[in-house]
Amino acid sequence: MTATYRIIVCDGTSCLNSGARTLTTVLKAQLDKHGLTDKTTVSLSGCLGMCDKGPIVVVNPGYTLYGSLTEGDIPEIVEEHLVKGKPIARLAIQEDHLYNRFFRVFGDAKFFGHQMRVTLRNCGIIDPESIDDYLSLRGYEALAKAVTDMTPQQVVAEVEKSGLRGRGGAGFPTGTKWKFTAAQVGTPKYVICNADEGDPGAFMDRSAIEGDPHTIVEGMAIGGYAVGSSKGIVYIRAEYPLAIRRITKAIEDARAHGLLGENILGSDFSFDMEIRLGAGAFVCGEETALIHSIEGARGMPRPRPPYPSVQGLFGRPTLINNVETWANVPVIVLDGANWFRTVGTETSKGTKVFALAGKVVNTGLIEVPMGTTLRQIIYDVGGGIPGGKAFKAVQTGGPSGGCLPEQYLDTPIDYDSLAKAGSIMGSGGMIVIDEDSCMVDIAKFFLEFTQNESCGKCTPCREGTKRMLEILTRITEGKGQAGDIDKLERLGKMIQKASLCGLGQSAPNPVLSTIKNFRAEYEEHIHDKRCRARVCENLVTYEITEKCVGCGACRKVCPVTAIAGGPKKQHVIDQDKCIKCGQCFKTCKFEAIAKV
Amino acid sequence: MPTPLELIKKKRAEAVSRIIGKGYLSTKRVYVGMATCEIAAGSKDVMEVFRKAVSLGLTDVYLSQKGCAGRCNLEPTVEVIEAGKSPIKYGKVDTTRAQEIIERHLKKGEVIQEWVID
Ligand SMILES: Cc1cc2nc3c(=O)[nH]c(=O)nc-3n(C[C@H](O)[C@H](O)[C@H](O)COP(=O)(O)O)c2cc1C
Ligand code: SF4
Ligand code: SF4
Ligand code: FES
Ligand code: FES
């Protein structure tokens, strides 16, 4: 049976401090008293972004928000609203923030309740190909507000005050970047959206554009107004045909409505946009390489300074931000920097989108306030590790990031805490790793990626990563030598220091962080020739156990006839002959072959 | 001359009335996930099932596509939203489930609990 009422109690830090737990207790008792327990679900949510009005209780259906509650208000809510069906106007709070649209539809489901969707506020609730849908949810109002009520300097100041930091990886303060670009004299200036999204497995930016392309258009137009540019370019990877189609349509529709082009909404501000397709090299996401690529040159980074804000596209001042960074802009303008600053931690404001993947029950695209702990993400949102397996590590930051073990689970995540723990925020990859994965193998996977993607300009990056990969490969093959760990560390630190761009500077991170946090696994591989996760083929021994029924299936598939045994007798593997191909393991229907 | 802010409010009002003209105030609104991820999981066929039902006379339903809500392992997802009721979110909707959602939920108002994302 569907519950008649679905109640959400905010379980964010601020509401907890103002007594949310007591409210829940009283609420449950009241529901019991009125015999409503079976007809009502009570769930907890993460911060709802209205901390000044806490504690907060949401009653669905209807999405009635009750705020500044005390214990004494609860019986009234239960009697009047739930029993008699009359919402209580006196306690209800009205708010018209941009961000919580999504919560109205999805907030009562566990996976979504602990999230806060600021940049993904419209993803999943509107038709992305309809400008009418976007307009109906206060779309382009932030742009209109900026050109009507704010000077460009005020827009820059608002973004600066918000504390927004770049979501493309480096976390550079967005307002500072805008201020630099705005301070440059002369035209033209350019505004770029970096939608190259090259991290393996990342799909945050793709989903954002596919679900709500107008937000990016609006954000960039506001950026153009703020820094004095009339030309925007979306650099998007060619492998994203649907995202390309939708953002192209959004640009055309906006133009048709006078929201792009000459004299936007009758103002003095003119701004138009175009799309450029990226060929898909990882390094082309680096801002100077991206600019070279738009200019028609090879996508190779160049030293900075000069920064793009001073000397960017065609030598002109250029403001370049990531998709998610842009998506925050309309919210900051409309809901205000003061509101934005209430979300997040001291040094990192707002929310962050993550692609939650790996060994977790609920995989998906999530957005949570900065300061949410890894444990909350993995267990409350992600639903924990499937199959009763033990948590081993979480990888953040993709190929430039690192792996954090259990002791970091309660770290409230932001740019600085992740860096301090030895990983990075990056663009939002988050892979949960359980006991079945080998940390050396994971480090090798990421290094293979960066090694392959190195543009080759700097010797440390090009050759150094190759050497590191050779060492990792031999370790996983059981040929590791004493001193290999030191060699990896020395090489890694040298590459970090001597590479020109972020690719090289961060390529060793996955290796260095796994050495730091999982050194014992490296040592076991090297000295004991053992892989505890039984992933590294060469370090695994196959043995036939007493579960063997003597069916002979393994004997038939073994390519080197290493298996001996007669019908209905336990078979045996000749370890000297075995080439560890794993065929017998896959073939046996009785789970009689063990990896040890 | 109206200010840009006044103009955008007028545009919003116009957009809202166009959406209403398309049937937004129908008793039930149905949203089908149509992002790369959803489509890869088969949502195009699911959308087709709903479209066909509407063209064959299913009334009082407003059908729309939507981007992805990020529920990767439960795609394709479909929401049924009805004024005064909690929004229902279905997961792993294939064409068979879509057909049943039409028959049971859209036509008879029965929420099919076991497919609901909770
Ligand atoms: C190898 C490499 C790849 C990068 N790839 C991306 C990318 O795909 N998307 C992105 O937004 N930023 C990427 N960056 C970061 C950009 O150089 C730049 O910092 C960013 O676009 C600035 O925007 P933000 O301040 O909004 O983050 C990459 C950097 C490096 C070194
Ligand atoms: S660090 Fe690597 S990817 Fe970056 S410029 Fe140097 S060689 Fe190219
Ligand atoms: S692992 Fe391969 S080579 Fe070794 S016993 Fe099994 S089938 Fe034969
Ligand atoms: S903690 Fe409840 S609204 Fe922020
Ligand atoms: S990315 Fe769309 S739901 Fe997973």
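In table form, for the structure just shown:
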read-out: Tilt relative to chain B, helix B:43-55 - C-alpha long axis, 0 to 90 degrees, to 10; value: 70
read-out: Cβ-based net charge around residue A:61, under 13 Å, with every Lys or Arg adding one and every Asp or Glu removing one; value: +2
read-out: Among the listed pairs A:457/A:529; A:145/A:349; A:389/B:92; A:179/B:10, those beyond 28 Å (Cα-Cα); value: A:457/A:529; A:179/B:10
read-out: Karplus-derived HN-Hα couplings along segment A:134-141 (A = 6.51, B = -1.76, C = 1.60, θ = phi - 60°), whole Hz, x at Gly and Pro; value: 5, 4, 5, 9, 6, x, 6, 6
read-out: Gained length - residue A:389 relative to residue A:172, 0.36 nm times residue gap less alpha-carbon distance; value: 74.4 nm
read-out: Burial ranking of peptide ranges A:288-296, A:214-222, A:380-388 (average Cβ count within 10 Å, highest at the top); value: A:214-222, A:288-296, A:380-388
read-out: For chain A: relative contact order, % (alpha-carbon pairs under 8 angstrom, 6 or more apart); value: 10
read-out: Sequence-distant lysines (8 or more away, or on other chains) whose Cα lies within less than 24 Å of residue A:556; value: A:547, A:568, A:569, A:577, A:580, A:586, A:589, A:595
read-out: Cβ crowding within 10 Å averaged over residues, with A:486-497, A:440-451 ranked highest first; value: A:440-451, A:486-497
read-out: All lysines inside 16 Å of residue A:86 as judged from Cα atoms, apart from same-chain residues fewer than 8 positions distant; value: B:85
read-out: Distance between segment A:214-265 and segment A:74-88 - C-alpha centres, whole angstrom; value: 46
read-out: Cα gyration tensor category, rounded, prolate or oblate, for the protein assembly as shown with a/c compared to 1.5; value: oblate
read-out: Whole-Å distance, taken between Cα centres, linking segment B:1-79 and segment A:492-554; value: 47
read-out: Average partner coverage of A:262-268, which counts Cβ from other chains inside 10 Å; value: 3
read-out: Alpha-carbon centroids, segment A:385-445 and segment A:3-41: separation in whole Å; value: 34
read-out: Relative contact order (%) - segment A:394-485, alpha-carbon pairs under 8 angstrom, separation at least six; value: 25
read-out: Portion, in percent, of the accessible area of segment A:112-266 that falls on carbon or sulfur, probe 1.4 Å; value: 53
read-out: Occluded residues from segment A:112-146, i.e. those whose accessible area drops by 30 Å² or more once the chain is not alone (1.4 Å probe); value: A:112, A:124, A:127, A:132, A:133, A:135, A:136, A:141
read-out: Label-point separation, residue A:310 to residue A:482 (7 Å along Cα→Cβ), nm; value: 5.2
read-out: Carbon + sulfur, % of accessible area of segment B:23-115 - ligands and nucleic acids excluded, 1.4 Å; value: 51
read-out: Within 10 Å of each Cβ in B:8-18, the average number of Cβ atoms from other chains; value: 6
read-out: Average partner coverage of B:33-43, which counts Cβ from other chains inside 10 Å; value: 4
read-out: In nm, spacing of pseudo-spin labels at residue A:270 and residue A:89 (7 Å Cα→C-beta vector); value: 5.0
read-out: Over segment A:351-434, relative contact order from alpha-carbon pairs under 8 Å, at least 6 apart, %; value: 37
read-out: Residue A:528 - accessible surface, heavy atoms, 1.4 Å probe, Å² rounded to 10; value: 90
read-out: Local electrostatic count, residue A:181, Cβ distance below 12 Å [Lys/Arg +1, Asp/Glu -1]; value: +4
read-out: Radius 11 Å from Cβ of residue A:229, net charge of other residues (Lys, Arg +1; Asp, Glu -1); value: +2
read-out: Accessible surface, 1.4 Å probe, highest first, among residues B:71, A:304, A:206, B:104; value: A:304, B:104, A:206, B:71
read-out: Ellipticity estimate at 222 nm from DSSP helix runs (n ≥ 4, -39,500 (n - 2.57)) divided over the protein assembly as shown, nearest 500; value: -10500 deg cm²/dmol
read-out: Total accessible surface hidden between A and B, rounded to 100 Å², 1.4 Å probe; value: 3600
read-out: Rounded to 10°, Cα long-axis angle of helix A:213-227 versus longest principal axis of chain A; value: 70
read-out: Accessible surface, per residue, of segment A:110-256 when the full set of protein chains is kept, probe 1.4 Å, Å²; value: 28
read-out: Linear extension gain, residue A:462 paired with residue A:153, 0.36 nm per residue minus alpha-carbon span; value: 106.9 nm
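The values are calculated or read from the model by the stated rules, or taken from the named source; none is laboratory data. For clarity, every value in this text was computed on a predicted model and none was experimentally measured. Heads up, the Cβs are rebuilt from the backbone with ideal geometry, glycines too, and the neighbour counts pull from every protein chain shown. For the accessible areas, the whole protein counts, side chains as well, though only heavy atoms, and no ligand, DNA or RNA atoms are used. Shrake-Rupley method; radii C 1.70, N 1.55, O 1.52, S 1.80 Å.
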